[in-house]
Amino acid sequence: QVQLVESGGGLVQPGGSLRLSCAASASIFSIYHMGWYLQVPGKQRELVALITSGGNIKYGDSVKGRFTISRDSVKNTVYLQMNSLKPEDTAVYYCLARREIYDYWGQGTQVTVSS
């Protein structure tokens with residue numbers, strides 16, 4: 001079982017930046033795809049960014065050019081650098097580890113973009 005712990009959320013003004021971190025319980029990046037999803041009340045989770053075990057990256061349309069996903073295999077940590085934040089980025093952000101049919105989720109971290 002993979003355990004994921006997110007951190008780095010908080011309150012930021014529009015135009016500001018935050019960096020989210022997701023620490024995995026083991027060295028899994030070579031076999032798991034890692035990603036970030038967001039969820040707002042009443043809606044399904046939607047993709048923010050995904051980095052495959054092979055290093056390919058995909059971003060959701062709403063964050064392209066503003067957010068960057070990266071990983072540190074030594075620290076077993078995935079990052080989401082969020083720049084030029086907008087009020088509509090406000091959501092709970094979840095870290096995901098995916099392998100075949102298995103999905104593991106973190107507990108989520110709240111990001112609020114407001115003046």
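Structural remarks
- Residues in region 77-109 that are open to solvent by 40 Å² or more (accessible area, probe 1.4 Å) and over 21 Å from K64 (Cα atoms): R98, R99, E100, I101, Y102, D103, Y104, W105, Q107.
- Candidates I57, I31 - the one that is open to solvent by 70 Å² or more (accessible area, probe 1.4 Å), on the phi < 0 side of the Ramachandran plot and modelled with pLDDT under 95: I31
- Sole exception among (1) in contact (Cβ under 8 Å) with a residue 40 or more places away in the chain; (2) within 30 Å of S115 (Cβ to Cβ); (3) of a type outside the set (G, A, S) for I69, by number: (1)
The values are calculated or read from the model by the stated rules, or taken from the named source; none is laboratory data. Here the structure is a predicted model, which means the values were calculated and not measured. Ideal geometry is used to build each Cβ from the backbone, glycine not excepted, and the neighbour counts take in all protein chains shown. Areas reflect the complete protein model, heavy atoms only, side chains present, ligands, DNA and RNA absent. Shrake-Rupley method; radii C 1.70, N 1.55, O 1.52, S 1.80 Å.
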